[in-house]
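Coordinate-derived values only; no laboratory data. Bear in mind the structure is a predicted one, so any value in this text is a computation, not a measurement. Cβ placement follows ideal geometry from the backbone for every residue including glycine, while neighbour counts extend to all protein chains displayed.
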Amino acid sequence: MFVVIDFKTEYKGSKSVDWVLVAPTGEAFERSRTWYPVSTLEPSDKMEGQMGEIMRSRWDVIGPAYEAWKKGEEVPEDGTALGAWAGISVDQAKFLKSVGIVTVEAVAEMSDSTIETIPFPGRRELPKMARAFLKSKGQTDLAEENAKLHERMAAMEAMLAEKKRSPGRPRKNEAA
């Protein structure tokens, strides 16, 4: 597993290249940091198999942080960025960030005293809406993972069936 540390843009003539700095979690965090061009990390639809899965799982971490950075928003260290949640407006997200709430998970865990300081309508419903969003996001992730596993299992079953029908001496009932 790894974490996104920072982004930057380099300009070469009229061309710009966005870079992301990543580091592994754990002991190697301080000594193993690497800059990558963001364009090389975006998975394509053509990528299949294990490499495609690896690229998509990396992009699941980098993608939301990159989108937040491009919009000029603060990149949350952990959790789902407020910009990824349609439950609040851009102005509401800006206000929440101004009081230190930068993730949907933080909205879901807001205390009553924090809720009272929020000046927009429907503020009491925000934590419930955030919990519902996170719950449905988790179910969507599970459904996607389940579909991928079913695809892999079907491919493996087809490979096994093909292996069983390998060339060789025909069966007695086929020879007759």
Inset, instruction - Would you mind checking Lys71/Lys94; Lys71/Lys135; Lys15/Lys46; Lys12/Lys97; Lys46/Lys163 for any pair whose Cα atoms are more than 24 angstrom apart? - result: Lys71/Lys135; Lys15/Lys46; Lys12/Lys97; Lys46/Lys163
Inset, instruction - Give me the net charge of Trp19's neighbourhood, meaning all other residues with Cβ under 14 Å from the Cβ of Trp19; Lys, Arg count +1, Asp, Glu -1. - result: +1
Inset, instruction - Could you rank the peptides 108-116, 10-18 by their average count of other C-beta atoms within 10 Å per residue, with the highest value first? - result: 108-116, 10-18
Inset, instruction - Take the Cβ-Cβ distance between Val61 and Lys172 as r, set R0 to 45 Å, and report the resulting FRET efficiency rounded to the nearest 0.05. - result: 0.20
Legend entry - Estimated inter-spin distance, Ala132 and Ala84, nm [label 7 Å along Cα→Cβ]: 2.0 nm
Inset, instruction - Can you pull the one-decimal nm distance between simple spin-label points at Ala161 and Arg123, each 7 Å off the Cα toward Cβ? - result: 6.1 nm
